[in-house]
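What follows is one structure encoded as structure tokens, with my remarks underneath.
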Amino acid sequence: MANSNQTDQNPFNQNTSEQQNSQQNNPFNDSNGNNQPQQSGNGNGSSMKPWLFGCGGCLIIFIILAVILGACAAGPIKDQIDNFTNNKTEEASTEENSTEEASTEEESTEEETTEEPTTEENSTEEDDNDSSIINKNTSVGNSISVIGTKVTVEKAEFVEPTSKYSKPTKDKILKVSYKLENINNSSLIVGDTNFGITADGSRVSKFYGMDDTNDGFSFSLKPGQSDTGYAYYDVPEADQYDVYLQLRSSDKRYKMKWEIEENDIK
């Protein structure tokens with residue numbers, strides 16, 4: 001009993017209780033126990049909010065910039081695509097136009113080719129209707145006199161080439177002899193180049209492969225003078241050959257023709 005009283009009245013026990021009470025009421029214990037977890041929880045939340053707001057704002061700005069840049073880039077790309085498409089369309093259109101023009105030119109050429117023989121056939125009728133054109137026709141061996149000039153196609157004959165290295169491109173060599181007389185009061189200049197030859201209506205060329213120094217002629221005839229000459233022609237086999245000559249005066253055009261039949265050729 002004495003001990004229990006002593007124990008209840010032991011100042012150390014009182015001190016101990018007081019110490020325990022003091023520890024419970026110690027403000028440092030409160031701050032260390034209760035305040036620290038609150039500070040750590042409240043501090044982290046408040047510090048993350050600005051960070052989240054900052055990241056969110058940057059992300060929104062980035063998205064807006066991306067949309068703006070995409071819209072700006074889409075315009076030039078669309079223009080380039082449109083230009084490319086337009087260029088292709090224009091090229092295709094140009095090629096089609098070129099093809100149509102070429103086709104039109106070919107058709108026009110064919111039409112002109114078809115019309116040419118008709119024009120040649122009608123040339124004689126036009127000459128007959130033109131009062132300024134005078135046609136004079138005869139046969140080989142006869143003369144035609146116009147504008148103070150008397151022209152005679154004396155004869156026509158087939159000849160052989162003088163060299164084996166020079167042969168006609170057609171079938172034969174036709175030699176035609178001429179006589180010209182100046183019956184005018186002025187000088188006359190005329191040559192073999194003034195004459196033309198046709199075989200069945202197709203014009204033929206001169207033959208220059210003969211070894212003949214007298215081939216061809218060019219005359220300058222005074223009044224009353226005359227001269228003769230001949231020329232060679234590269235001709236095919238034909239039923240008829242014709243010699244042509246045209247002379248002009250101040251108001252008239254004379255078209256002369258000498259017909260050479262097959263039996264006229266020597």
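Computed from the coordinates by the stated procedures, all read-outs in this text should not be read as laboratory data. Since the model is a prediction, treat every value here as computed from it, not as a measurement. Methodologically, a virtual Cβ is constructed for each residue, glycine included, from the backbone with ideal geometry; neighbour enumeration extends over all protein chains shown.
Evaluated with a Cβ-only charge set (Lys, Arg +1; Asp, Glu -1), region 157-266 carries a dipole of roughly 520 debye about its Cα centre, given to the nearest 20. Neighbours of GLY229, meaning other residues whose beta-carbon lies under 14 angstrom from its beta-carbon, give a summed charge of -2 when Lys and Arg score +1 and Asp and Glu score -1. Give me the net charge for the shell around SER220: Cβ to Cβ below 15 angstrom, other residues only, Lys and Arg +1, Asp and Glu -1. With Lys, Arg at +1 and Asp, Glu at -1, the neighbours total -2. Net charge within 11 Å of PHE158 by Cβ-Cβ distance, Lys/Arg positive one each and Asp/Glu negative one each, not counting PHE158 itself? Combined, the nearby Lys, Arg, Asp and Glu give -2. Stretched out straight at 0.36 nm per residue, the stretch from SER205 to SER186 would grow longer than its current Cα-Cα span by 3.7 nm.
Between VAL67 and GLU261, the contour length at 0.36 nm per residue exceeds the alpha carbon distance by 60.1 nm. Using a simple spin-label model with points 7 Å from Cα along the Cα→Cβ vector, what separation in nm is obtained for SER218 and LYS252? Here the answer is 2.9 nm between the modelled labels. Considering only alpha-carbon pairs that sit under 8 angstrom and 6 or more positions apart, the relative contact order computed for region 118-266 is 29 percent.
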